[in-house]
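A.B. asks: Here you go, one structure.
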Amino acid sequence: MSKPTIIPLTDAEIGLLEQTPWDGLTGPRLITVDGRQVVECTAYAYSDYTRNALDGQLSLQLTGQTSQAEYQQRILAMQSAYAAVNANTRAEQGLWSVLSFTPVDGVDWALPRADLKAWSVLQEQIFFFRIYRYGAISTPADYTKRHMEILDLVELFIGDESLLIKRNDQPWQITPRG
């Protein structure tokens, strides 16, 4: 079990969208190994922040632009994501990790049903999350990486007072925000 995420960093801040990651390490990514999806990430023990700093690979450019209000919204959205998957204690939250997090502007994302698109129009601020509950952690041939088994994969659009949730291969559902 790891420590739960309190303040999620955006996909851009962790280097998933072509920007320099804040810590010089590209964030987690979904890959297929032996016919099953796993999350691949850099092993913390092999994260050399000193080397990254000396090589000029650290960047707080995006993170430094986060306002106090957005910072607070991120914290509350993360807590809503945990509540949506019934991870109410610190121990339960530690079993979940963030694979993707990004603020969503307008309705420029593809939702499959008209009622879901209508929901999005009513929201002032929307955050998208892809979170996963992990199981076994293994070390691949590249020992600096870790592969995390995915037990549950959940996508969420978290709005002001409600959220959309899609668990594994289930359809989207609208539910009150916790």
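The values are calculated or read from the model by the stated rules, or taken from the named source; none is laboratory data. Because the structure is a prediction, the values reported are computed rather than measured. Glycine gets a Cβ as well: all are built from the backbone with ideal geometry, and neighbour counts include every protein chain shown.
A.B. asks: Looking at the stretch 148-161, can you tell me whether even one residue there is among the small types (Gly, Ala, Ser), modelled with pLDDT under 90 and surrounded by fewer than 16 Cβ atoms within 10 Å (Cβ to Cβ)? Even if it seems obvious, please write down each step before you answer.
C.D. replies: At the first step, the residues of the stretch 148-161 found to be among the small types (Gly, Ala, Ser) are 159.
Then keep just the ones that are modelled with pLDDT under 90; that gives 159.
Next cut, surrounded by fewer than 16 Cβ atoms within 10 Å (Cβ to Cβ) only: none.
For the stretch 148-161, residues among the small types (Gly, Ala, Ser), modelled with pLDDT under 90 and surrounded by fewer than 16 Cβ atoms within 10 Å (Cβ to Cβ): absent.
A.B. asks: Separate question: Please count how many residues of the stretch 17-35 are touching a residue at least 24 places away in the same chain (Cβ under 8 Å) and either more than 17 Å from residue 131 (Cα to Cα) or of a type in the set (Ser, Thr, Tyr) (or both).
C.D. replies: The total comes to 8.
A.B. asks: May I pose another question? Is one or more of the residues making up the stretch 44-55 surrounded by fewer than 17 Cβ atoms within 10 Å (Cβ to Cβ), in contact (Cβ under 8 Å) with a residue 40 or more places away in the chain and part of a helix (DSSP H, G or I)?
C.D. replies: The answer is yes, given that some residue of the stretch 44-55 is surrounded by fewer than 17 Cβ atoms within 10 Å (Cβ to Cβ), in contact (Cβ under 8 Å) with a residue 40 or more places away in the chain and part of a helix (DSSP H, G or I).
A.B. asks: So, residue 64, is that one surrounded by fewer than 17 Cβ atoms within 10 Å (Cβ to Cβ), of a type outside the set (Phe, Trp, Tyr) and under 21 Å from residue 127 (Cβ atoms) or not?
C.D. replies: Numbers: surrounded by fewer than 17 Cβ atoms within 10 Å (Cβ to Cβ): yes; of a type outside the set (Phe, Trp, Tyr): yes; under 21 Å from residue 127 (Cβ atoms): yes.
So residue 64 passes the test.
A.B. asks: Let me ask you something else. Would it be correct to say that residue 14 is of a type in the set (A, V, I, L, M), in contact (Cβ under 8 Å) with a residue 12 or more places away in the chain, surrounded by 12 or more Cβ atoms within 10 Å (Cβ to Cβ) and touching a Pro at 6+ places or on another chain (Cβ under 9 Å)?
C.D. replies: On the way: of a type in the set (A, V, I, L, M): yes; in contact (Cβ under 8 Å) with a residue 12 or more places away in the chain: yes; surrounded by 12 or more Cβ atoms within 10 Å (Cβ to Cβ): yes; touching a Pro at 6+ places or on another chain (Cβ under 9 Å): yes.
It is true that residue 14 is of a type in the set (A, V, I, L, M), in contact (Cβ under 8 Å) with a residue 12 or more places away in the chain, surrounded by 12 or more Cβ atoms within 10 Å (Cβ to Cβ) and touching a Pro at 6+ places or on another chain (Cβ under 9 Å).
A.B. asks: On the basis of being modelled with pLDDT of 90 or more, touching a Phe, Trp or Tyr at 6+ places or on another chain (Cβ under 6 Å), polar (S, T, N, Q) and over 20 Å from residue 62 (Cβ atoms), does residue 93 make the cut? Steps first, answer last, please.
C.D. replies: Numbers: modelled with pLDDT of 90 or more: yes; touching a Phe, Trp or Tyr at 6+ places or on another chain (Cβ under 6 Å): yes; polar (S, T, N, Q): yes; over 20 Å from residue 62 (Cβ atoms): yes.
So residue 93 passes the test.
A.B. asks: So, one more: Scan (1) out of contact with any strand residue (DSSP E or B) (no Cβ under 8 Å at 6 or more places or on another chain); (2) over 30 Å from residue 178 (Cα atoms); (3) surrounded by 16 or more Cβ atoms within 10 Å (Cβ to Cβ) for the single condition residue 79 breaks and write down its number.
C.D. replies: (2)
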